[in-house]
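Comments concern the structure below.
A short reminder: the numbers here are calculations on the coordinates, not readings from a lab. Since the model is a prediction, treat every value here as computed from it, not as a measurement. When we count neighbours, we look across all protein chains shown, and the Cβ atoms used for this are built from the backbone with ideal geometry, even at glycine.
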Amino acid sequence: MRAGKRTGTSAGKRTGASAAPRRPRRRTLAVFAVCLVLLGAGVVAGVRWAREATGSVTLLANWSGAEREHFEEKVIEPFEDTYRIDVVYQGSSALSQVLAADMAAGNPPDVAILPGPGELLSYAADGRLQSLDGLFDPRQYDRIWAPEVTIPGRGSHTYWLPVKTGLKSMVWYAGDRPDARSAGTPARWCLGMESGATSGWPGTDWVEDILLQQAGPRVYEDWANGELPWTDGAVRKAWTTFGELVGAGRNRRVEQALTTGFGADCGPGRLEHQGSFRAAHWRRAGGDYVHSAQIVPGARPDAGAWEVSGDLATLLGRSPEAEQFIRYLADPDTALPEYTANKGAAPDGGQDSTAREIGEHLRTPREPRCWDASDLMPRTTRDAFHQAVLRFLVAPRQLDARLTELEAARAVQDLPVCGGG
């Protein structure tokens, strides 16, 4: 505007005060517009240069949809802004297969987040994992979450830390509170087994939880570590109880279960044996949960241990950027998704009473908590367990054959399974 006024004044002096100011020619406007564009581009380039990342971290995890959006918005973006380190996220539902392929190609991610320590233990034994010693204080977590693992010839080290934890041993409902009698009708149960490459895992949760409530943490721990045979009577009883509760062998029901996704909506009046990740669905339905020990037939009088799960971060490529990302994930102030096991983390003030209760169960060892057994098992055993569940639902009379097959895949290991209480 100032330039226009100067131009008008100058023209008036040459032609007289009554002359009107001249409009800029089209060519002049075009040149001016180009200059503005170039100037704007220079400003943007300058801002981008000022915020340019000084390094990068590649991250592999299995989160998608809302989970991935939350992790990127609440965790990754603040980390990138604070440390000027770019996080390259790769998400895959076939996590184990993708990681194995990356390993074989010699191009593993810097950081991987896997569900459970079983697969990670095998990578640690092969020398594929970097120690996390000195990057965070393991005492921030109970021993089952971030243990020291002894590898022959390599000593004892911490190789993983929990990023996201979940509570299991939960039976969700809306309406009348269920008990063992009302929960004994298969038609009441929502049952979805489909989960892509990991289909069958909701059934493994059933078997594991039933064994935990019927036989107790000590037997459960021996079985999870491969020290108790799959053909043991306690294990067989857990399978048969599962089959009777959900209606194994009933063709229409089983067909529906095998083709229904594990996260499908569960209608009014139904029950669902699922973990804490289903809290939002049941909150919308006005529902609540009871401990599975209240509905499992043959549960011990002192039953009440919780089955738990967790997504664990591990370091595969050592670099200053990757180490900083691990430190950040272990910081109590980092806004990790859903439920954290970090003792120093403050409860989310925006959580409802159910969410706060779940978080307390995960962080405070009031009752025994035991790792999801299939997540503790070696990958080959875990995958065989998934398949055995699907085949058992179709043909429950062939249970002995399934248990014999699983016994052939049994592997003895030494991981902390249960803690607290």
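Miscellaneous remarks
- With the convex hull drawn over the C-alpha atoms of the range 216-344, the volume per residue is 203 Å³.
- On the beta carbon distance between Thr185 and Val412, with R0 = 41 Å, the FRET formula returns roughly 0.55.
- The calculated FRET efficiency for the pair Thr82 and Arg318, based on their C-beta separation and a Förster distance of 22 Å, comes to about 0.55.
- Relative to the Cα centre, the charge distribution of the chain, modelled as +1 at Lys and Arg Cβ and -1 at Asp and Glu Cβ, gives a dipole magnitude of about 3080 debye.
- Between Gln398, Gln130, Gln324, the GNM of the chain built on Cα springs shorter than 10 angstrom shows Gln398 fluctuating the most.
- Filtered trypsin sites (Lys or Arg not before Pro), the range 51-94: DSSP coil and at most 13 other beta carbons within 10 Å: Arg51
- Residue order, fewest to most beta carbons within 10 Å, for Met170, Met377, Met103: Met103, Met170, Met377
- Extended-chain gain in nm, criterion 0.36 nm per residue less alpha-carbon gap, Ser353 and Glu227: 41.5 nm
- Debye, to nearest 20: dipole size of the range 174-222, +1 on Lys, Arg Cβ, -1 on Asp, Glu Cβ: 240 debye
- Mean residue ellipticity at 222 nm, helices only, the chain: -12500 deg cm²/dmol; runs of at least 4 DSSP H residues each add -39,500 (n - 2.57), and the sum is divided by the number of residues.
- Descending semi-axes in Å of the range 54-97, equivalent ellipsoid built from Cα gyration tensor: 20, 13, 5
- Length available on full extension from Arg218 to Gln398: 0.36 nm per residue minus the Cα-Cα distance, which gives 62.0 nm.
- For the range 274-416, the C-alpha radius of gyration divided by 2.2 N^0.38 Å, with N the number of residues, is 1.31.
- Under a model in which nothing but the beta-carbon of Lys, Arg (+1) and Asp, Glu (-1) is charged, the range 102-190 shows a dipole of about 400 debye around its Cα centre.
- Column: log10 I(q)/I(0), Debye, Cα scatterers of the chain, q = 0.09 Å⁻¹: -0.60
- Among Pro78, Pro108, Pro147, residue whose mean-square fluctuation peaks in a GNM of the chain (springs only between Cα atoms under 10 Å): Pro78
- Distance between modelled label sites at Arg391 and Ala105, nm, 7 Å Cα→Cβ extension: 3.2 nm
- Distance from the C-alpha centroid of the range 122-170 to that of the range 190-222: 23 Å, rounded to the whole angstrom.
- Zero-based 10 Å bins, Cα pair distances in the range 154-301, whole percents: 10, 38, 36, 13, 3, 0
- Whether the range 113-233 is rounded, prolate or oblate, judged on the alpha carbon gyration tensor where a/c under 1.5 counts as rounded: prolate
- Once the chain from Thr150 to Asp176 is taken as fully extended at 0.36 nm per residue, the excess over their C-alpha distance is 4.5 nm.
- Nearest 10 degrees, 0 to 90: helix 2-15 Cα axis against the chain principal axis: 20 degrees
- Local net charge near Leu403, Cβ-Cβ under 10 Å (Lys/Arg +1, Asp/Glu -1): -2
- Rounded FRET efficiency, nearest 0.05, which uses the C-beta distance separating Asp333 from Asp133 and R0 of 22 Å: 0.50
- The fraction of Cα-Cα pairs per 10 angstrom bin, counted from 0 for the range 213-266, comes to 20, 37, 30, 13 percent, rounded to whole percents.
- Tensor-based shape of the range 102-167 (alpha-carbon gyration tensor, a/c under 1.5 rounded, otherwise prolate or oblate): oblate
- Most mobile of Ala215, Ala105, Ala248 in a GNM of the chain (Cα contacts under 10 Å): Ala105
- Think of the chain as having a plus end and a minus end, set by charges on the Cβ of Lys, Arg, Asp and Glu; of Gly359, Pro147, Leu60, Leu60 sits farthest toward the positive end of this dipole.
- The lysine pair count for the chain, using Cα distances under 22 Å and pairs eight or more places apart or on different chains, is 6.
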